[in-house]
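Let me begin by presenting the structure, written as structure tokens, before commenting on it.
The values are calculated or read from the model by the stated rules, or taken from the named source; none is laboratory data. Everything numeric in this text was worked out from a predicted model, so none of it was measured. Note: accessible area is taken over every heavy atom of the protein model, side chains too, but ligands, DNA and RNA are not part of it. Shrake-Rupley method; radii C 1.70, N 1.55, O 1.52, S 1.80 Å.
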Amino acid sequence: MTTPDRDRDQAGRPRNARPRDAFGRPLRHGETGEPGIPDDLSLAPAEAIALAQRLLESARPFQAHEVLEASWKSAPPAERDLWQGLAQLAVGLTHAQRGNARGAAALLRRGAGRVSGYLPGGDGAGGPHGIDVAGISRAAGELAGRIERDGLGSVPPGDLRLRLRAAAG
């Protein structure tokens, strides 16, 4: 049985077609929201990383999460945990923006743990698709610790960002 007021796709799966605010929260039908990421987004890994990074830099982690989630769903099995971890990091930042310190710390730690499974051997530099696995795992863990120790009020909005690739030298 379907609920008549619930948005569904052609296969009957629930979808939320309501517009969303900058933090990904649903708005009422008819309100103007942030541009969304298409459900069928399909990008090469380098393009997905570049787009997600631009979204993170512009304080739009919810939208970055949508890009990373699309990559996770279409990734080869050996990379799904990497993309899922990156998406979880973006959700952690989204929770932080929304004022949910506990959810932010939990998702940042969970995402960092998942991503750290892709740490390269040897010198620790690099990672799949040029992702700075060591750097992002460390930064996410440090941010989670800071949120837990000092609270979200002590973290300026500009600090709620992560770099997926190492900064160019």
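Observations on the structure shown:
- Under 5 Å between amide hydrogens, built in the peptide plane, is the criterion, and for residue 165 it picks out 132 among residues at least 5 positions away or on other chains.
- Rounded percent of accessible protein surface that carbon and sulfur make up, the stretch 50-169, 1.4 Å probe: 52 percent
- For the stretch 28-169: rounded, prolate or oblate by the Cα gyration tensor [a/c cutoff 1.5]: oblate
- Three principal axis extents of the stretch 43-121 based on alpha-carbon atoms, in descending order, are 34, 24, 22 Å.
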